[in-house]
Amino acid sequence: MTDAPDGNRAPGTGPAPGAATRVLVLNCGSSSVKYQLLDMADDSRLAAGLVERIGEDASRLVHTPAGGRRRERTVAVPDHESALKALSAELAADGHGLDSPRLAAVGHRVVHGGLRFTEPTVVDDGVLAEIERLVPVAPLHNPANITGIRTARALNPRLPQIAVFDTAFHTTMPEHAARYAIDVATADAHRVRRYGFHGTSHAYVSRRTAELLGKRPQEVNVIVLHLGNGASASAVRGGRCVDTSMGLTPLEGLVMGTRSGDVDPAVVFHLVRVAGLSVDEVDTLLNQRSGLAGLCGDNDMREILRRVDEGDERAQLAFDVYVHRLKKYIGAYSAVLGTVDAVAFTAGVGENSAPVRAAAVDGLAGLGLAVDPGLNAERSDAPRLISPPDAPVTVAVVPTDEELEIAAQAYALVAHADG
Ligand code: ADP
């Protein structure tokens, strides 16, 4: 784990002008590729973009150079290889091609690193084979990540490809938090355990929260609530994750946009035996037709809050179930940590939704938690405190930046190898 985005630079010295300090960050999903080009000399963002609807008739490419105009095109992108070629052509048009000597590495978000990958890793054939071995525990994500790595490598074989794993930050979880209470032999034979996800975000946000408190990560205990379309909570003691709400897959834990989060596992047997659903249908139900969407038909918190304002009962129920689950995790992680210095809200909902933040800590004064309504209502992109100044536990809004964290980790690895 890096200590800071510029953690490997000697104080007072920067990289030489023109040095290879740039990192292209790729986040390959099954039908989309998100990318950002960052310069680690000053943590600046040179370009950001997205290729979506890969494999469909009309794919869309959106490319925004820093300080330039957003370019949007409909292109034929039958596969990830074409997507990477299309995005590298956009970058090249701005003078940032994949063959640029300023490019130090490509950083890949890889969802599942199992127990093996606890750190960012330079990809070679052995690493690729291991990521492939993890496909059974991440069937929706790892195949696209692998394709992204293979394609980027083929486009410039000399460029280091660095895998940064969503699970890595959680590999410090103690065994009693990572184990499910099921037969050990069966669990081990099939690698069934709690891995956790969104680790790059939890790492970044917990570290930034410590900075906001004027402390080192080792000195504070933080509960991070990453509330995006996917959502997860983590308990971070002294900079190390000790528990997190996602498990074997990103389905466990909090209520999400379309995912159920925690349910009694017997719900699955019941739906198969009594409702006659196939296992795949239950999988789709719990991953795509549950959560906020399953409860009220909308997965966007903005729309749900608008409906709540209009007195819509289903939207109110969805909001209440969502908040109730959040509170349970705040309580659980307060107990896990014993002492909590800060609770940090992050990602789309956590950063933008004052009503969710207020409701999540409402009634938790007994745990030392409260928000100041005025501070909570303020809109800003900066990390900020929203608890009253005299509150025993700090409540903060800390915008996440997974791409910057991936770039920082990838760059730290290659810069270190060079030095
Ligand atoms: P992901 O990266 O998981 O797709 P994000 O972190 O971008 O998700 O979060 C997306 C979600 O953030 C949206 O689905 C929406 O519910 C929520 N969101 C964004 N802006 C607001 C807002 N102003 N108020 C409430 N929710 C918001």
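A few notes on this one:
- One residue from Val356, Val321 being of a type in the set (Val, Ile, Thr), more than 14 Å from the ligand (Cβ to nearest atom) and open to solvent by less than 50 Å² (accessible area, probe 1.4 Å): Val321
- Pairs with Cβ under 8 Å, 6+ apart, first in the stretch 223-247 and in contact (Cβ under 8 Å) with a residue 24 or more places away in the chain and at positive phi, second crowded, with 24+ Cβ neighbours inside 10 Å and in a strand (DSSP E or B): none
- In the stretch 152-162 there is at least one residue that is touching a residue at least 40 places away in the same chain (Cβ under 8 Å), open to solvent by less than 10 Å² (accessible area, probe 1.4 Å) and part of a strand (DSSP E or B).
- Some residue of the stretch 375-398 being within 14 Å of the ligand (Cβ to nearest atom) and either farther than 30 Å from Asp42 by Cα or assigned to a helix (DSSP H, G or I) (or both): yes
- Within the stretch 60-85, considering residues that are part of a helix (DSSP H, G or I) and open to solvent by less than 50 Å² (accessible area, probe 1.4 Å), the one nearest to Ser30 (Cα to Cα): His80
- Test: residue in the stretch 112-126 that is more than 20 Å from Thr200 (Cα to Cα), of a type in the set (A, V, I, L, M, F, W, C) and out of contact with any Asp or Glu (no Cβ under 8 Å at 6 or more places or on another chain): no
- Residues satisfying the stated conditions in the stretch 285-296, i.e. modelled with pLDDT of 95 or more, open to solvent by 50 Å² or more (accessible area, probe 1.4 Å) and either out of contact with any helix residue (DSSP H, G or I) (no Cβ under 7 Å at 6 or more places or on another chain) or away from the ligand (no atom under 16 Å from the Cβ) (or both): Arg289
- Filter result for Asp280 (touching a Leu at 6+ places or on another chain (Cβ under 8 Å) and among the acidic types (Asp, Glu)): no
- Members of the stretch 87-139 found to be touching a residue at least 12 places away in the same chain (Cβ under 8 Å), part of a loop (DSSP other than H, G, I, E, B), open to solvent by 10 Å² or more (accessible area, probe 1.4 Å) and among the small types (Gly, Ala, Ser), listed by number: Ser100
- For the stretch 2-31, the tally of residues that are at pLDDT 90 or above and open to solvent by less than 30 Å² (accessible area, probe 1.4 Å) stands at 6.
- When the stretch 232-253 is filtered for residues that are surrounded by fewer than 22 Cβ atoms within 10 Å (Cβ to Cβ) and either of a type in the set (S, T, N, Q) or part of a loop (DSSP other than H, G, I, E, B) (or both), the ones remaining, listed by number, are Gly238, Gly239, Gly247, Leu248, Thr249, Leu251, Glu252.
- Filtered by the rule that a residue be away from the ligand (no atom under 16 Å from the Cβ) and open to solvent by 10 Å² or more (accessible area, probe 1.4 Å), the stretch 207-231 gives Arg207, Glu211, Leu212, Leu213, Gly214, Lys215, Arg216, Pro217, Gln218, Glu219, Asn221.
- Failed condition for Asn145, given (1) at pLDDT below 95; (2) open to solvent by 30 Å² or more (accessible area, probe 1.4 Å); (3) not small (Gly, Ala, Ser): (2)
- Given (1) over 27 Å from Leu140 (Cβ atoms); (2) away from the ligand (no atom under 12 Å from the Cβ); (3) open to solvent by 20 Å² or more (accessible area, probe 1.4 Å), number of the condition Ala315 does not satisfy: (3)
- Candidate set: the stretch 341-353, residues that are crowded, with 17+ Cβ neighbours inside 10 Å and over 15 Å from His202 (Cβ atoms); chosen: the one nearest to the ligand (Cβ to nearest atom): Gly348
- Residue within the stretch 384-398 that is open to solvent by 60 Å² or more (accessible area, probe 1.4 Å) and among the hydrophobic types (A, V, I, L, M, F, W, C) present: yes
- A single entry from Gly196, Gly214, Gly148 fulfils the requirement of being touching a strand residue (DSSP E or B) at 6+ places or on another chain (Cβ under 7 Å) and more than 19 Å from Glu252 (Cβ to Cβ): Gly148.
- Against the test of being in the same structural domain as Val51 (by TED's automatic domain parsing) and either small (Gly, Ala, Ser) or in contact with a strand residue (DSSP E or B) (Cβ under 8 Å, 6 or more places away or on another chain) (or both), the options Ala138, Ala178 yield a single qualifying residue, Ala138.
- Every test in (1) in contact (Cβ under 8 Å) with a residue 60 or more places away in the chain; (2) assigned to a loop (DSSP other than H, G, I, E, B); (3) hydroxyl-bearing (Ser, Thr, Tyr) is passed by Tyr411 save one, and that test is (2).
The values are calculated or read from the model by the stated rules, or taken from the named source; none is laboratory data. Predicted, not measured: the structure shown is a model, and the values here were computed from it. Positions of Cβ are backbone-derived with ideal geometry, glycine not excepted, and every protein chain shown enters the neighbour counts. Protein only, heavy atoms only, side chains kept; ligands, DNA and RNA dropped before computing areas. Shrake-Rupley method; radii C 1.70, N 1.55, O 1.52, S 1.80 Å.
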